[in-house]
Amino acid sequence: FINRWGVRQLFFDGSFGESNGTRGELEEQAARGTVQVQFKNFWNVQAAFFDDRMRFYGFAPDLQRLGSTRTYQIPSWQFQMSTNDNRNVSFAVLYQAGKIIQYNESFYGFAKTLQLKSTARFGRHLRWELSGVHIDESLRNRLHYQYRRFLISRWTYQVNHKLRARVLAQYEGDRHGHNLSVNSLVAYDFTARSALYVGYNRQRRSPLDPVDLGNQVFVKLSYLFAF
């Protein structure tokens, strides 16, 4: 806490992790550093750098998976700014650039991500979040590969301290086509650790997800017995 020059707090965060196989070969490594500034009006600015390494199957130029494995280096950086989320209306913007791996598409290249998010509260019970995401992916030779776009809307209604409802709708578009998914949930808390959940999920079948269930309705009862 410094409370000067319009700045309220400074945050510094760094981490490093590594896992190796039984012969000492690198399986996964992650090094991350973050600097965040919180101003006196509770706006936040954050910059982060990621240097990850991952062992996975090799990818041929035609996006086919090879039998042997290799270590991929995935450096990236991120900038994020957000307004005071204690207000009835708040906004956030995120930009990230660097290398990525798309395991389900055997893709290794570059990506630039721009995300815009807004949050609005209507009274004490209703909360609405709206996010738009645009991702530009390119191959290792910098040739354009595809655009991926997401539009995400989340509605949460807290009826009282026991009953709440949530609806999440997501629209996605990429080179495989378009997909609209809906996830909804109604929850009632009997006690702090006992609750009843009723939900409905819908997702159009995707060529990248052969086990997609399409439409799903579920009921879950969780009850804690004290002895």
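The values are calculated or read from the model by the stated rules, or taken from the named source; none is laboratory data. Fair warning: this is a prediction, and the values are worked out from it, not measured in the lab. A quick note on method: Cβ atoms are made from the backbone with ideal geometry, for glycine too, and the neighbour counts reach across all protein chains shown. What goes into the accessible areas is simple: the full protein's heavy atoms, side chains included, and nothing from ligands, DNA or RNA. Shrake-Rupley method; radii C 1.70, N 1.55, O 1.52, S 1.80 Å.
With the cut-off at 16 Å, report for segment 36-140 the share of all Cα pairs above it, as a whole percent.
Tail fraction, whole percent: 68.
Summing +1 for each Lys or Arg and -1 for each Asp or Glu, what net charge is found among the other residues whose Cβ lies under 10 Å from the Cβ of ARG166?
That sum, taken over residues with Cβ under 10 Å, equals +3.
So what's the net charge close to ASP85: Lys and Arg +1, Asp and Glu -1, counting the other residues with Cβ under 13 Å from its Cβ?
With Lys, Arg at +1 and Asp, Glu at -1, the net is +3.
With Cβ to Cβ distances under 9 Å as the rule, what net charge do the other residues near TYR188 carry (K, R +1; D, E -1)?
Computed value for this residue: +1.
For segment 109-134 and segment 1-80, what is the separation of their Cα centres, given in Å?
22 Å
With labels modelled as points extended 7 Å from the Cα through the Cβ direction, what inter-label distance (nm, one decimal) is found for GLN73 paired with VAL89?
About 4.6 nm separates the two model spin labels.
Who wins for biggest fluctuation among VAL37, VAL217, VAL133 in a Gaussian network model of the chain, springs between alpha carbons below 10 Å?
VAL217
For the chain, what does the relative contact order come out to in percent, with C-alpha contacts under 8 Å and a separation of six or more?
Once divided by the residue count of the chain, the mean separation gives 9 percent.
Using the heavy atoms of the protein chains and a 1.4 angstrom probe, tell me the accessible area per residue for segment 87-178 in square angstrom.
60 Å²
How large a share of the accessible area of segment 89-205, in percent, is made up of carbon and sulfur atoms when the probe is 1.4 Å and the other protein chains stay in place?
59 percent
Give me the extension gain from LEU116 to PHE190: residue separation times 0.36 nm, minus the current Cα-Cα distance, reported in nm with one decimal.
23.0 nm
Using a ≥ b ≥ c from the Cα gyration tensor of the chain (square roots of the eigenvalues), is it rounded, prolate or oblate, where a/c under 1.5 gives rounded and otherwise the larger of a/b and b/c decides, a/b for prolate?
Oblate, because a/c is 1.5 or more while a/b does not exceed b/c.
Could you list which residues have their amide H under 5 Å from that of PHE190, counting only those 5 or more apart in sequence or on another chain, with H placed in the peptide plane?
ALA195, LEU196
Explain nothing, just the number: relative contact order of segment 1-116, from Cα pairs under 8 Å at least 6 residues apart, as a whole percent.
Once divided by the residue count of segment 1-116, the mean separation gives 17 percent.
Picking from ASN20, ASN183, ASN201, which is most flexible by a Gaussian network model of the chain using Cα springs under 10 Å?
Result for the chain, Cα springs under 10 Å: ASN20 fluctuates most.
Between PHE150 and ALA97, what is the FRET efficiency for a Förster distance of 25 Å, r being their Cβ-Cβ separation, to the nearest 0.05?
0.90
Springs between alpha-carbon pairs under 10 angstrom, Gaussian network model over the chain: which of PHE50, PHE79, PHE122 fluctuates most?
The residue that fluctuates most here is PHE122.
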